[in-house]
Amino acid sequence: SQQGEEDPQALSIQEGENATMNCSYKTSINNLQWYRQNSGRGLVHLILIRSNEREKHSGRLRVTLDTSKKSSSLLITASRAADTASYFCATARQGAQKLVFGQGTRLTINP
Amino acid sequence: KAGVTQTPRYLIKTRGQQVTLSCSPISGHRSVSWYQQTPGQGLQFLFEYFSETQRNKGNFPGRFSGRQFSNSRSEMNVSTLELGDSALYLCASSVNRVGETQYFGPGTRLLVL
């Protein structure tokens with residue numbers, strides 16, 4: 001079963017707008033990671049946020065983590081057509097030797 | 001450094017056959033994980049190998065197996081293929097642990113007819 005659940009399942013916005021995706025999970029975690037996947041290809045790591053961190057930035061990406069609500073959000077600012085992809089959150093649970101992925105958010109950036 | 005490579009990229013098999021997929025991790029990475037991705041079930045963890053030992057296994061039948069060689073290269077095998085095994089199989093490597101950043105290969109797309 002999937003630990004992470006992304007919301008929304010699909011998101012379509014205009015180029016230049018900001019895109020926000022949310023992820024909820026069920027158990028205590030060591031860290032939470034966000035990945036991007038372009039059209040059925042391999043996943044690309046975007047950012048890792050540890051359980052003792054609340055916010056992290058990387059270029060146009062901003063990730064927040066609220067461990068009390070067991071949720072995270074990924075914000076992509078000033079979106080570009082190249083950001084069109086599926087975005088997945090993945091959680092690394094304490095003591096577990098695997099990543100558990102959510103179902104993903106399919107983001108479409110319209111020119 | 002070269003990225004994670006997977007071979008073959010595409011494969012067509014018929015029910016009942018077996019298949020072997022190969023993964024070469026990034027140089028220096030000792031942990032290799034395998035995932036199955038399907039439209040219905042999403043990304044599901046198959047197993048993880050570290051120093052030639054399987055450290056963790058997902059909820060897949062025994063038809064799915066794997067191994068890791070001394071150079072960290074890994075193979076996964078699926079025996080007695082079923083239609084439902086059609087999927088994108090992704091390999092990922094990390095330095096030591098699955099909980100670290102995972103570096104994914106391009107995947108092997110398997111179609112079972």
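Considering only region B:101-113, state which residues are touching a residue at least 12 places away in the same chain (Cβ under 8 Å) and either assigned to a loop (DSSP other than H, G, I, E, B) or within 11 Å of another protein chain (Cβ to nearest Cβ) (or both).
First, the residues of region B:101-113 that are touching a residue at least 12 places away in the same chain (Cβ under 8 Å): B:102-113.
Within region B:101-113, B:Q102, B:Y103, B:F104, B:G105, B:P106, B:G107, B:T108, B:R109, B:L113 qualify.
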On the given criteria, is B:P61 modelled with pLDDT of 95 or more and either open to solvent by less than 50 Å² (accessible area, probe 1.4 Å) or within 14 Å of the chain's Cα centre (by Cα) (or both)?
no
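Does B:L43 count as in contact (Cβ under 8 Å) with a residue 24 or more places away in the chain, under 18 Å from A:Q37 (Cα atoms) and not β-branched (V, I, T)? Outline the logic, then answer.
Working: in contact (Cβ under 8 Å) with a residue 24 or more places away in the chain: yes; under 18 Å from A:Q37 (Cα atoms): yes; not β-branched (V, I, T): yes.
Yes: the conditions hold for B:L43.
Residues that are under 17 Å from A:R106 (Cα atoms), more than 13 Å from chain B (Cβ to nearest Cβ) and in contact (Cβ under 8 Å) with a residue 12 or more places away in the chain: find the strands (runs of 3 or more DSSP E) completely inside region A:1-90 holding 2 or more of those.
Values: elements: A:5-7, A:10-14, A:19-24, A:29-37, A:43-50, A:55-58, A:61-66, A:71-76.
Fully inside region A:1-90 and qualifying: A:10-14, A:19-24, A:71-76.
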Counting just the residues of region B:18-54 that are closer than 15 Å to B:E100 by Cα and of a type outside the set (A, V, I, L, M, F, W, C), which one comes out surrounded by the fewest Cβ atoms within 10 Å (Cβ to Cβ)?
B:G28
Selection status of A:F101, under 14 Å from B:L43 (Cα atoms), touching a Cys at 6+ places or on another chain (Cβ under 8 Å) and of a type outside the set (D, E, K, R):
yes
Could you give every pair whose Cβ atoms fall below 7 Å, whose first residue belongs to region A:91-111 and is more than 20 Å from B:Q37 (Cβ to Cβ) and open to solvent by less than 60 Å² (accessible area, probe 1.4 Å), and whose second residue is of a type in the set (V, I, T) and part of a loop (DSSP other than H, G, I, E, B), counting only separations of at least 6 or pairs across chains?
A:I109/A:T84
Among all residue pairs at least 6 apart or on different chains, which show Cβ distances below 7 Å where the first residue, located in region B:55-76, is part of a strand (DSSP E or B) and the second is loosely packed, with under 13 Cβ neighbours inside 10 Å?
none
In region B:77-96, which residues are open to solvent by less than 20 Å² (accessible area, probe 1.4 Å), more than 14 Å from chain A (Cβ to nearest Cβ) and in contact (Cβ under 8 Å) with a residue 60 or more places away in the chain?
B:V78, B:L81
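The values are calculated or read from the model by the stated rules, or taken from the named source; none is laboratory data. Please read these numbers as outputs of a predicted model, since none were measured by experiment. Cβ sites come from the backbone with ideal geometry, for glycine too, and all protein chains shown count toward neighbours. For accessibility, only protein heavy atoms count, side chains too; no ligands or nucleic acids. Shrake-Rupley method; radii C 1.70, N 1.55, O 1.52, S 1.80 Å.
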